[in-house]
Amino acid sequence: MCCACYSPESTDDNDVLMCDFKGCFRAFHMKCLSPAMTLEEFESQFGDEETPWFCPFCCCLDDAIYMVNDFCFGDDGARLSALSAGSGGERAKYCERTL
C-alpha cells in the first residue's frame, strides 16, 4: 500500500516501489513521489535489482545522521550514515536525485 495515497493498486506505468532500507516497510507509487518518477527514469537509474532504492523518509534520516556526524565529528570527506553503511559506502542514487 502506498504511503502517500494509501492505495494498494498499481499499473505498469505507476508501479509501487518498496524501500530497501533495513527495517523500512514503506512503499510509494512512482507518481506519488515528489518529484514523480517515470518507469523510464526508474529503469535507467535502478535497472538492475542489485541497486537499492530508498524512500524519501529514509533519505531524510540519512541526511540527519550525516549532519549530526558532521557537527559532532567534522567532515573528513567520507559520508558516514545509515544508508551509505548499508550500500557499500555509496550514497543511494534516489537520495542524490531528491536533494
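The values are calculated or read from the model by the stated rules, or taken from the named source; none is laboratory data. Since the structure is predicted, the reported quantities are computational estimates derived from the model, not experimental observations. Please note: Cβ atoms are built from the backbone with ideal geometry, for glycine as well, and neighbour counts cover all protein chains shown.
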Practice task
Kindly indicate the residue of the stretch 47-64 that is touching a helix residue (DSSP H, G or I) at 6+ places or on another chain (Cβ under 7 Å) and in a helix (DSSP H, G or I) and also surrounded by the most Cβ atoms within 10 Å (Cβ to Cβ) among those meeting that condition.
Solution key: CYS58
Practice task
Being part of a loop (DSSP other than H, G, I, E, B) and among the hydroxyl-bearing types (Ser, Thr, Tyr) is the filter; apply it to the stretch 1-15 and report the residue that is surrounded by the fewest Cβ atoms within 10 Å (Cβ to Cβ).
Solution key: TYR6
Exercise for the section: Considering only residues that are in contact with a helix residue (DSSP H, G or I) (Cβ under 9 Å, 6 or more places away or on another chain) and surrounded by 14 or more Cβ atoms within 10 Å (Cβ to Cβ), look in the stretch 65-76 and name the one that is farthest from PHE21 (Cα to Cα). Expected result: TYR66
Practice task
Go over the candidates GLY77, GLY86 one by one and state the one that is at pLDDT below 80 and on the phi > 0 side of the Ramachandran plot.
Solution key: GLY77
Practice task
Hey, could you check the stretch 47-74 for residues that are at pLDDT below 85 and under 11 Å from the mean Cα position of the chain (by Cα) and say which is nearest to ALA4 (Cα to Cα)?
Solution key: ASP62
Handout entry: Residue list for the stretch 16-46, filter: over 13 Å from CYS58 (Cα atoms), in contact with a Leu (Cβ under 7 Å, 6 or more places away or on another chain) and part of a loop (DSSP other than H, G, I, E, B)
Key = none
